[in-house]
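> Following this message is one structure expressed as structure tokens.
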Amino acid sequence: MITLKFGGTSMANARRILASSEIIINRAKEDRVSVIVSAVAGVSNNLQSAIDATTTGISGVNYVTDLRNTHNEICLELQSKLPGFDAEKVMAKLEPNFVELEKLLAGCVSFGECPDTVHCRIMGMGELLSSPIMESVLLVKMQSIIFLDFRKFIFTS
């Protein structure tokens, strides 16, 4: 088995996501693969900026709106390039993450701080948003996949 890891620039837009999916598919013809995808390019920086802003009392709503728009644009572009990709369905799958993020950021505003546990949850949102996009691309391309939520398998202290 081989593990393929795709960074933020590989997930930056529909074209790069489609190219990454082809690498996955081609490698899967040779061996079993596991795949890790990073947050979309720039998303981790935006999440950190949201944390920094909300701990000074600035609302996180605009940050969440920007993240939602970024992912929606990618999904719409994928829909235009990949027959069978349903942008609305993928965005509906992502929506609970946006709702959770907004609540976490509101807590940071209320308390004027971001505890380490909350910081980790917020910073992990980027991968939680990009993974279902790649999952959907691979499913549309008729790949057999098992999606594993990293939060159930990776623990640190």
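> Select, from T65, T70, the only residue that is within 16 Å of S131 (Cβ to Cβ) and among the β-branched types (V, I, T).
Numbers: T65 fails: within 16 Å of S131 (Cβ to Cβ).
On inspection, the qualifying residue turns out to be T70.
So that you can scan it fast, the table gives a plain yes or no per residue for (1) at pLDDT 95 or above; (2) in contact with a strand residue (DSSP E or B) (Cβ under 6 Å, 6 or more places away or on another chain):
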position: V64; (1), (2): yes, no
position: I74; (1), (2): yes, no
position: F85; (1), (2): yes, no
position: R121; (1), (2): no, no
position: S131; (1), (2): yes, yes
position: I146; (1), (2): no, no
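> Follow-up question, since we're still on this one. Of all residues in region 102-128, which are more than 18 Å from I17 (Cα to Cα) and in contact with a Phe, Trp or Tyr (Cβ under 8 Å, 6 or more places away or on another chain)?
L105, G124
> List the residue pairs whose Cβ atoms are under 7 Å apart, where the first residue sits in region 27-43 and is on the phi < 0 side of the Ramachandran plot, the second is open to solvent by less than 40 Å² (accessible area, probe 1.4 Å) and of a type in the set (S, T, Y), and the two are 6 or more positions apart or on different chains.
Taking only residues 6 or more apart or on different chains, the pairs are V37/S130; V37/S131; S38/S130; A39/S130; V40/S130.
> Tell me, which residue of region 102-157 that is of a type in the set (S, T, Y) and surrounded by fewer than 16 Cβ atoms within 10 Å (Cβ to Cβ) is farthest from E73 (Cα to Cα)? So that I can check it myself, show each step before the final result.
First, pick out the residues of region 102-157 that are of a type in the set (S, T, Y): 110, 117, 130-131, 136, 144, 156-157.
Retained after the next criterion (residues that are surrounded by fewer than 16 Cβ atoms within 10 Å (Cβ to Cβ)): 110, 117, 144, 156-157.
Working: S110: 31, T117: 30, S144: 26, T156: 34, S157: 36 Å.
Applying the filter and picking the extreme gives S157.
> May I ask you to list the residues in region 116-157 that are outside any loop (DSSP other than H, G, I, E, B) and aromatic (F, W, Y)? Break it down into steps so the answer makes sense when it comes.
Pass one, region 116-157, residues outside any loop (DSSP other than H, G, I, E, B): 116-123, 125-140, 150-152.
Across region 116-157, the qualifying residue is only F150.
> Please work out which residue is least open to solvent (accessible area, probe 1.4 Å), limiting yourself to region 36-74 and to residues that are in a loop (DSSP other than H, G, I, E, B) and among the β-branched types (V, I, T).
Of all residues in region 36-74, those in a loop (DSSP other than H, G, I, E, B) come to 38-42, 55-60.
Next, from what is left, pick out any that are among the β-branched types (V, I, T): 40, 55-56, 58.
Numbers: V40: 5, T55: 43, T56: 104, I58: 91 Å².
Once the filter is applied, the top-ranked residue is V40.
> Also, I was wondering about something else. Working carefully through the options E100, E77, E88, E95, find the one that is part of a helix (DSSP H, G or I) and in contact (Cβ under 8 Å) with a residue 60 or more places away in the chain. First the steps, then the outcome.
Working: E100 fails: in contact (Cβ under 8 Å) with a residue 60 or more places away in the chain; E88 fails: in contact (Cβ under 8 Å) with a residue 60 or more places away in the chain; E95 fails: in contact (Cβ under 8 Å) with a residue 60 or more places away in the chain.
Every option except E77 fails the conditions.
The values are calculated or read from the model by the stated rules, or taken from the named source; none is laboratory data. For clarity, every value in this text was computed on a predicted model and none was experimentally measured. Note that each Cβ is placed from the backbone with ideal geometry, even for glycine, and that neighbours are counted across all protein chains shown. Heads up: the accessible areas ignore ligands, DNA and RNA and are worked out on the full protein's heavy atoms, side chains in. Shrake-Rupley method; radii C 1.70, N 1.55, O 1.52, S 1.80 Å.
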